[in-house]
Each structure stands twice: as C-alpha cells, then as structure tokens.
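Note sheet for the following structure.
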Amino acid sequence: MGRESMEYDVVIIGGGPSGLSAAIKLKQLDPNLNVCLLEKASEIGAHILSGNVFETRALDELLPNWKELNSPIKTKVSKEKFLFLGKTKSLSWPTWLLPKVQQNHNNYIISLANLCRWLAEQAEALGVEIFPGFPASEILYNEDGSVKGVATQDMGIDKEGNKKDSFEPGIELLGKVTVFAEGCRGHLGKQLIEKFNLSKDRDPQQYGIGFKEIWEIEDKNHEEGMVMHTAGWPLDNSTYGGSFMYHAENKQVFLGYVIGLDYKNPHLSPYDEFQRFKTHPAIKKIIEGGKRISYGARALIEGGLQSLPQMFMPGALLVGCDAGTLNMPKIKGSHTAMKSGMIAAETILENIKENKNLSIYEEKFKKSWVYEELHAARNVKPSFSWGLILGIIFTGIDQILFRGKLPFTLKHKHTDHETLRPANEMPKIEYPKYDNVVTFDKTSSVYLTGTNHADNQPVHLKLKDPNLPISYTLEKFDEPAQRYCPAGVYEVQKENDQNKFVINSQNCIHCKTCDIKEPSQNITWVTPEGSGGPKYGNM
Amino acid sequence: MKILVAVKRVIDYNVQIRVKEDGTGVVTDNVKMSTNPPDDNAIEEAVKIKESGKATEVIAVTIGEEKAQETVRKALAVGADRGIHVKAEGVIEPLAVSKILQKIADKEKPDLVFMGKQAIDDDCNQTGQMLSALLDWPQATFASKIDVKDGKLEVVREIDEGLETIEINTPAIVTCDLRLNEPRYASLPNIMKAKKKPIEQMSASDLGIDIAPKIQQIKVEEPPKRKAGIKVSSVAELVQKLKNEAKVI
C-alpha cells in the first residue's frame with residue numbers, strides 16, 4: 001500500500017474525556033508504555049460539545065490533586081431549578097422532590113471542551129503523543145481478524161478522488177491494543193460493532209440530538225452557579241426532550257436543548273424546537289439583552305445499559321459513548337466516559353503485561369460504579385416511550401421510591417431510524433419566524449461554529465443510493481434531512497422543475513444525526529480531511 | 001544560502017471575531033489560534049527552495065507569548081530546520097517586530113528573509129517594509145512567484161494593475177502572497193520529528209529591544225451591522241431609490 005507505519009503499545013482514537021482518561025491512566029500505570037492519541041479536530045476540544053454539569057467522581061480517582069493543577073473546573077453548582085413549561089406558563093418543581101440522580105449540588109458547571117484541553121496537557125506531560133488534525137479513517141486487521149490498528153486519512157485528495165499536488169498519504173498506526181473513543185456514533189466504532197456483532201442480544205441503541213448555545217447575558221439576569229432544567233413545551237407529550245441552562249463564569253450561560261431521535265413526526269425540526277423554546281417567557285427574560293456567542297449540536301447516546309454493546313474485541317476496546325456509557329436520567333456522560341477509559345487502561349495493562357484476555361474488561365466494568373449507576377438508571381429512558389406524563393410518574397416511582405432497583409428491565413423496541421411516520425399521516429408544524437433577538441436561522445448559527453472543510457475534497461457524507469432521497473424519502477417523509485440536520489447540510493432544491501438533493505458538506509458540524517436518523521440508513525458519515533469541522537471554543 | 005522566515009500566531013481565520021465588551025480589543029480566550037495564512041506560504045516557499053538545492057537552511061522565527069512556540073513547531077513540521085522563539089507578551093507593533101528581526105538577522109546572517117505580506121489580525125502590512133529599511137536591504141512585497149538566481153531574485157508581485165516582475169539583489173526581504181504556492185500538510189511522522197528539532201528561546205529584552213507600544217489604541221468596535229436588503233418591483237423604482245434614498249446616481 002506504500003503507507004508508512006508506526007508502532008505503539010496503545011493507539012487511542014479520539015481526544016474526548018474517555019480517550020484522554022485512558023491515555024492518562026495508562027501512563028500513570030506504566031510510564032514506559034508508548035501511547036498515542038489521534039483527534040480529527042484541528043486541536044483537542046474543538047469538536048467537543050457538552051452541557052456540562054460535571055460530576056468529579058472519575059476525575060477524583062484519576063487526578064486526585066486536580067484542584068492544584070489549574071483545572072478549568074471552577075463554578076460550583078449553587079442553585080437548582082426544574083421547570084415544567086406550558087406554552088406561556090411555567091411550573092417550578094421543588095428540587096427536593098427530584099430523584100437524587102438529578103440533584104447537582106456537589107457538581108460543577110464546566111466547559112467540557114476546556115476540560116479536554118486541560119486533560120490533554122496532563123496527558124502530554126506524562127508523555128502521551130497527541131496528534132490533532134488526524135482522523136482515523138480505516139480500521140486495520142491482522143490475519144487472524146483481530147484489530148491491528150488504524151490508518152489516518154489521506155490528505156490532499158480532490159473532489160473526484162484524484163491526488164492533488166499537496167497529497168500526503170495516511171499513516172498506519174499499529175497498537176498492541178487500539179482504543180476507540182470517538183464519541184457517540186463513532187464512524188469506526190459503528191463498523192466494529194457490526195463486524196464483531198457486539199450488539200448481539202442488546203436492545204437497539206437510542207440517540208438524541210443536543211443543541212447548545214453560549215450567551216453572554218446582562219449582569220442582572222446572571223446567577224453564577226445556577227442550574228436549570230425544563231421539560232414540556234414546545235415538545236408534545238409523545239416527544240422526549242428537555243432543556244438545560246447553566247449559569248457559568250464570566251456572565252455566560254450555557255443554554256441547550258436535547259430531543260430524542262426516536263421522534264415520529266418527519267415535519268419536526270429539532271433545530272426549530274430549540275429556537276422556539278427560547279421564546280418562552282421564562283427563558284427569554286434571562287437571555288434578552290444578551291448576546292449569543294456560540295452555537296453547536298451533537299448527537300448523544302441515550303440507550304443506557306440495555307443497548308450497551310460488548311466493549312471488548314480481539315485487539316481493541318470501545319470506550320465512552322463510542323459504546324454508550326452516558327447516564328440518561330443524570331443527563332451526564334463525562335464522568336462515566338472517563339471511568340470507562342480508566343478501566344480500559346487497567347485492562348490493557350494486564351493484557352500487555354500478564355497476557356490476560358481483553359474480555360476482563362467486562363468483569364472490571366461490571367464491578368465498577370459506572371455499571372451500578374447505569375443499572376439504576378436503566379428504566380428511565382424507555383419509560384418515556386409511554387409519553388412525558390407517564391414517563392415522569394414511572395420515573396418518580398422507579399428513581400425516588402425504588403432508587404432504580406425495580407426487579408425488571410424495560411426494553412427499547414425500535415432503532416431511531418424506524419420511528420418516523422409517513423409525512424402525510426403526521427401534522428405539519430408551523431415554526432415562528434426568527435426574530436434575530438433570541439432566535440436565529442441556521443446559516444447564522446453555523447457561522448458561529450467556525451466550521452470549515454478544505455474545499456475541493458470528496459463529500460464526506462456518502463449516499464448508499466444517490467437517487468433515494470428524491471425517489472423515496474422526499475415523497476414518503478418530505479426528506480427530513482432538511483430538518484434534522486442542525487447545520488443546513490441537506491437541501492432539496494428545484495432545478496428546471498426537477499427536485500435535486502444537495503449536500504453542503506462544508507457546513508457539517510460532525511454531529512452524526514443524519515447517520516442515525518435517515519429512515520433508510522442511506523447516509524453514512526465518514527471522516528473528512530483532517531482539521532475539518534467546527535472550531536468550538538468553550539463548548 | 002540561509003532563509004529566515006518570520007511566522008505569527010493569530011486567531012484562526014475560520015473563527016468569528018468578537019470584540020471585547022469594553023472596547024479594548026478582541027476576545028482571544030477560548031479561541032482557536034493558528035499560523036497567519038500567508039506565513040504558511042512563506043515557509044512553504046523557503047522549504048521548496050531548500051528542496052531544490054538552492055538553500056541550505058530554513059530558520060523559522062516567531063515573536064510572542066509562550067504558546068506562540070506552536071507556530072514555530074508547525075513550521076518545523078513542514079520542513080524548517082530550526083526555530084527561534086522571542087518571548088514577548090501583549091501587543092507587539094510592527095516596528096518592534098522589525099527591530100527584533102533586524103537583531104536576529106544580524107546574528108544569523110540569512111541571505112533571504114521571508115514572511116507573509118500581512119497578518120490577518122492587525123492587517124498592518126508593515127513589518128517587511130520596515131525591516132527592509134532597518135537592514136537597508138532590497139524588498140519584494142506581495143510575491144506570487146519567486147525565482148532564485150545567482151545572487152539575485154526574480155519576483156512576480158501581485159499589484160493592483162496586475163502582475164509586476166522585478167529583479168532584486170540578495171540579501172533581500174520578500175513578503176509573500178497567498179497565491180505564491182499551496183502549503184503542504186504536516187505529516188504525522190514529520191510532526192514527531194519536529195518535536196526533536198531545536199527551538200532557541202530568548203526575550204525581546206535579551207536583544208535590547210523595547211517593545212512597549214508606540215501607538216495608543218483608543219477603541220475597538222464591531223463594524224456596523226448591514227441592514228437587510230429589499231426587493232424592488234421595477235427598474236423605475238430601483239432608479240428612484242438609487243437617486244433619492246441611496247443618492248448614488
């Protein structure tokens with residue numbers, strides 16, 4: 001193949017909380033291990049987006065002296081609110097009546113992107129080699145079928161697939177163990193789950209799409225340390241979702257919305273639900289007079305324990321949300337992702353030093369607090385398939401009375417791409433016009449993400465059947481890609497009275513929603529040229 | 001032949017710039033930084049000249065805070081041989097930059113000094129010209145093609161009237177246009193090798209240069225927002241509006 005190759009003890013794919021924690025733990029356990037970490041973003045943190053209210057449990061174990069290391073964990077949660085929203089009214093739910101998992105008083109409001117940048121500094125200080133701007137685009141296998149490593153993306157390929165003058169071939173990175181830590185719906189993780197049949201006997205995975213904006217708001221509206229969540233309006237009873245608003249330092253609020261991707265109405269636009277949500281009097285009064293400074297979106301995993309695939313395979317481990325360790329009722333995945341990476345490090349050490357099989361990962365995971373948490377959380381998300389009201393009642397019983405110990409496990413019945421109903425059977429949704437005060441169109445939002453992909457490169461959103469969007473999806477579902485994509489990548493345009501499906505791949509913010517929700521699974525997200533995608537700051 | 005290339009760390013060109021609320025500058029916290037784009041062209045050209053056998057050494061120099069070193073590291077990853085980092089905090093004006101570069105040129109005795117035609121943050125487009133005056137060397141600005149000849153340079157310049165070809169003697173200063181070349185990617189093995197290449201560190205005061213700003217900045221503000229356009233129904237209406245409202249005809 002003519003590609004250069006480099007050998008490491010451990011190759012880690014993805015510089016998020018799980019990958020970085022695995023890297024740090026490995027070097028703590030054995031400083032002589034050669035560890036490298038690849039990240040597709042132009043720098044660590046630039047593709048990280050999260051709420052984020054951070055529970056320090058995993059970090060306390062990984063770097064117990066984090067408070068002395070100038071970590072970007074500063075704003076302790078000081079006040080909590082939970083609101084049920086009606087169209088104009090809101091009802092405040094007393095926090096003492098919230099399940100314990102939804103109480104946050106020991107947690108911190110952080111930017112996960114900045115936490116990852118800081119974790120990367122810690123990892124580099126320990127000798128981990130970190131390579132931002134290098135997406136792993138291909139899995140390499142040994143003759144016996146075990147994972148041998150990955151290859152990075154070739155750079156300098158034009159639209160037609162020809163080599164440009166600047167062509168730079170990819171590199172093969174070979175590891176005794178390869179750790180896949182790509183985050184939710186990792187494009188290699190997806191291939192591994194299929195090839196090694198890792199989701200056998202598991203429920204189908206469940207996803208959500210999360211939006212986040214950062215606002216700088218007026219002093220009088222800002223309460224540093226305040227955490228607020230809402231449920232209800234603008235979503236109907238049958239659609240799973242809710243909002244978060246975290247008052248961080250420097251007069252900023254992190255404002256976001258999460259919608260389950262198992263929604264049924266193809267006319268629903270998650271982006272517009274989020275924009276509309278901000279017009280609610282209880283929200284608008286806080287952000288009005290402020291300035292929106294960041295925007296982004298990312299798919300997240302909601303399936304929990306029932307959908308968690310087997311996380312080991314010959315030569316490789318799947319960690320964090322590449323597998324799906326997020327704790328849905330807690331609305332937190334960073335601490336569980338970190339812990340899953342740390343357990344991976346312990347497993348790898350025993351694998352390399354004592355020749356133990358990587359399958360010990362499962363035993364270690366089951367003995368850990370992550371498993372205990374996910375087990376207690378397992379019935380919350382599926383109960384919301386009965387609707388918001390029944391979901392809340394059940395969750396109250398399950399989480400407050402029984403603390404997650406009910407003797408049965410509810411199942412996830414469908415994959416998210418199967419849930420859409422035909423467009424003509426579902427009501428159309430009329431979204432209000434953007435007011436450019438609290439609501440904005442997609443174009444100006446994407447502009448804030450700093451997204452760019454080098455032009456003249458192959459489209460990284462691959463259609464299995466290029467005709468399907470117009471011949472089938474448009475007619476049956478009114479081509480929902482136009483609405484579920486949070487960055488306006490997909491458009492149906494009229495050209496000489498013919499409908500044409502247009503993919504503006506340069507707008508892609510790497511959220512992976514299309515790869516998940518496309519009803520025929522016709523869209524596959526693959527890695528674009530390195531450094532492409534958003535350039536998130538403190539998201 | 002030695003080529004000295006000056007590179008600057010600036011806010012990445014994809015980032016939407018935000019003005020600080022108090023009008024003292026732009027927000028740089030939590031913002032992605034990169035090499036000034038035409039500086040990448042300058043490095044690329046120097047490395048190409050070295051690869052053609054006409055130069056023996058490429059030295060990358062930057063001036064700025066600790067993290068500015070990343071910019072030198074990137075230059076090393078695409079082929080520069082060694083780096084110099086002059087540590088300095090705060091705003092460093094073109095004149096101070098030129099004086100620092102003059103000192104380094106005195107010490108390193110390069111035959112050519114390359115840099116981007118301007119930096120995308122302050123858009124000054126002055127450093128190359130000032131350095132040329134301080135060193136009393138010829139300059140070729142806005143270069144879109146460079147031919148190295150015996151003791152001379154033939155440079156094509158991008159100017160308003162089109163392309164201008166000039167010949168200058170070396171040693172010389174060349175400021176580079178984006179059209180000069182297509183910068184290469186840093187390959188992963190080269191990034192690793194770059195980590196081992198030397199970067200000499202010094203401070204502006206070590207060189208005896210006073211970097212205190214000479215220009216007082218009064219205010220930084222955002223450009224006024226463009227108003228939304230309107231659709232006119234006829235040519236007559238357009239003409240009427242151009243005449244009476246826009247007052248341009």
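Need one word for the protein assembly as shown: rounded, prolate or oblate. Basis is the Cα gyration tensor (sqrt eigenvalues a ≥ b ≥ c); a/c below 1.5 gives rounded, then a/b vs b/c decides. Note, shape of the protein assembly as shown comes out prolate.
Take the Cα of residue A:91, go 7 Å toward its beta carbon, and none of the backbone nitrogen atoms of the range A:324-341 fall under 13 Å from that spot.
Look at A:93, A:215 and count the other Cβ atoms within 10 Å of each Cβ; fewest to most, that gives A:93, A:215. With neighbours defined as other Cβ atoms within 10 Å of a residue's Cβ, the residues A:255, B:238 order from fewest to most as B:238, A:255.
Normalised by the number of residues in chain A, the average gap of Cα pairs under 8 Å and 6 or more apart makes the relative contact order 21 percent. Computed about the Cα centre, the dipole magnitude for the range A:362-416 is approximately 100 debye when only Lys and Arg (+1) and Asp and Glu (-1) carry charge, each at its Cβ. Bridges between two residues of chain A, per DSSP, are antiparallel at a rate of about 70%. List, in the order given, every pair from A:40/A:200; A:212/B:32; B:8/B:54; A:284/A:512; A:27/A:176 whose Cα-Cα distance in the structure shown is over 27 Å. Among A:40/A:200; A:212/B:32; B:8/B:54; A:284/A:512; A:27/A:176, the Cα-Cα distance tops 27 Å for A:40/A:200; A:284/A:512. Note on residue A:471/residue A:428: beta-carbon distance plugged into 1/(1 + (r/R0)^6) with R0 of 22 Å gives a FRET efficiency of 0.50. With K and R counted +1 and D and E -1, the other residues having a Cβ less than 10 Å from that of residue B:21 yield a net charge of +2. Calculate the length of the line joining the C-alpha centroid of the range A:418-445 to that of the range A:260-327, in whole Å. Computed from Cα coordinates, the inter-centre distance equals 17 Å.
Beta bridges assigned by DSSP with both partners in the range B:94-176 are antiparallel in approximately 65 percent of cases.
Peptide B:181-193 shows a mean partner chain C-beta count of 5 within 10 Å per residue C-beta. For the range A:464-502, the residues whose amide N sits under 17 Å from a probe point set 7 Å from the Cα of residue A:191 along the beta carbon direction are A:464.
Rounded to the nearest 20, the size of the Cβ-charge dipole of chain B about its Cα centre is 580 debye, with Lys and Arg at +1 and Asp and Glu at -1. Modelled spin-label separation between residue A:79 and residue A:141, with each label point placed 7 Å from Cα along the Cα-to-Cβ direction: 5.7 nm.
The distance from the alpha carbon centre of the range A:193-207 to that of the range B:136-214 is 54 Å, rounded to a whole number. Partnerless cysteines in chain A, where a partner means another cysteine C-beta under 4.7 angstrom, comprise A:36, A:116, A:485, A:508, A:511, A:514. Secondary structure note: in chain B, about 40% of the DSSP beta bridges are antiparallel.
Taking 15 Å as the cut-off, the amide N atoms of the range A:428-454 that come nearer than this to a point 7 Å along the Cα-to-beta-carbon line of residue B:228 belong to A:432-444. Reducing the range A:373-414 and the range A:1-58 to their Cα centroids gives an inter-centroid distance of 33 Å. The charge dipole of chain A, taken about its Cα centre with unit charges on the Cβ of Lys, Arg, Asp and Glu (plus for the first two, minus for the last two), comes to roughly 1760 debye. When the Cα positions of A:225, B:53, A:527 are compared along the charge dipole of the protein assembly as shown, A:225 comes out farthest toward the positive end, with charges on each C-beta of Lys, Arg, Asp and Glu.
Residues A:36, B:176, A:116, arranged from fewest to most other Cβ atoms within 10 angstrom of their Cβ, appear as A:36, A:116, B:176.
Averaged over the residues of B:3-15, the number of partner chain Cβ atoms lying within 10 Å of the residue Cβ comes to 2. So for the range A:230-359, taking the charge dipole from beta-carbon charges (+1 Lys/Arg, -1 Asp/Glu), which of A:289, A:351, A:325 sits furthest toward the positive end? The listed residue farthest towards the positive side: A:289.
None of the figures in this text is laboratory data; all of them are computed from the coordinates on show. Note that the structure is a prediction, hence the values are computed from the model and not measured. Cβ sites come from the backbone with ideal geometry, for glycine too, and all protein chains shown count toward neighbours.
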